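What follows is one structure encoded as structure tokens, with my remarks underneath.
The values are calculated or read from the model by the stated rules, or taken from the named source; none is laboratory data. Note that this is a predicted model, so its numbers are computed, not measured. Here the Cβ positions follow ideal geometry from the backbone for every residue, glycine too, while neighbour counts run over all protein chains shown.
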Amino acid sequence: MSESANCIFCKIIRGEIPSIKVYEDAQTLTFMDVCPASSGHALVISKAHASNLLEIAETDLLAVTLTVQRVARAIQKALAPDGMRVSQFNGAAAGQTVFHYHVHIIPMQEGQRTGSHGRESANPQELESLAARIRAALQS
Ligand code: AMP
Ligand code: ZN
């Protein structure tokens, strides 16, 4: 069985499990993190399965990076955070829990301490409304 068969992010790409999508193009997909570290936390993934930075093909890495910038600009426009963390983990020892290359975009407010990502589920309606604001900014 291929690695992607049981990969949760590959399942999102194939539409086998739901996600709150923000942006999609031929090589990348962006959706809201279900257990966000802050309000507006989004994940950018490569559509081609690669487990981490060491394995991803250069063209996919480039595409993800360009999408990160595009979505970060839209988040800035839509949610006006004071700053944004962009982070990425490689290997369980580094805190990676989903072994499909992804980049976190985490909006930050002045003085805010981030929660740990992946701990507490957000309200789906709140996530949908944040995603709608980011999608609108992407189109403006
Ligand atoms: P990490 O592998 O530590 O970089 O983080 C994986 C991230 O994926 C965590 O922030 C999780 O909350 C998030 N996550 C896991 N499953 C889903 C899902 N089905 N939809 C959206 N986000 C998810
Ligand atoms: Zn995958």
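Things worth noting here:
Conditions (1) within 14 Å of ligand 1 (Cβ to nearest atom); (2) surrounded by fewer than 18 Cβ atoms within 10 Å (Cβ to Cβ), marked per residue:
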site	(1), (2)
G40	yes, no
L43	yes, no
E58	no, yes
A74	no, no
G83	no, yes
A93	yes, yes
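- So L54, is it surrounded by fewer than 18 Cβ atoms within 10 Å (Cβ to Cβ) and within 16 Å of ligand 2 (Cβ to nearest atom): yes
- Neighbours by Cβ (under 7 Å, 6+ apart or cross-chain): first from region 71-91, of a type in the set (D, E); second more than 16 Å from ligand 2 (Cβ to nearest atom) and assigned to a strand (DSSP E or B): D82/M108
- Test: residue in region 18-29 that is closer than 22 Å to L130 by Cβ, touching an Asp or Glu at 6+ places or on another chain (Cβ under 7 Å) and surrounded by 15 or more Cβ atoms within 10 Å (Cβ to Cβ): yes
Condition check ((1) of a type in the set (S, T, N, Q); (2) at pLDDT 95 or above) across all residues:
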site: E3; (1), (2): no, no
site: C10; (1), (2): no, yes
site: S39; (1), (2): yes, yes
site: Q69; (1), (2): yes, yes
site: P81; (1), (2): no, yes
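- Just one of (1) outside any helix (DSSP H, G or I); (2) surrounded by fewer than 13 Cβ atoms within 10 Å (Cβ to Cβ) fails for A5. It is (1).
- Filtered residues of region 1-11 (kept if within 12 Å of ligand 1 (Cβ to nearest atom) and hydrophobic (A, V, I, L, M, F, W, C)): C7, I8, F9, C10
- Number of the condition not met by N52 [criteria: (1) in contact with a His (Cβ under 9 Å, 6 or more places away or on another chain); (2) modelled with pLDDT under 95]: (2)
- Tally of residues being away from ligand 1 (no atom under 11 Å from the Cβ) and among the aromatic types (F, W, Y) across region 12-34: 1
- Residue among V86, V64, V98, V44 that alone is within 14 Å of ligand 2 (Cβ to nearest atom) and either assigned to a strand (DSSP E or B) or in contact with a Lys or Arg (Cβ under 6 Å, 6 or more places away or on another chain) (or both): V44
- Filter result for the condition that a residue is without any contact (Cβ under 8 Å) to a residue 24 or more places away in the chain and over 19 Å from F99 (Cβ atoms), over E16, E24: E24
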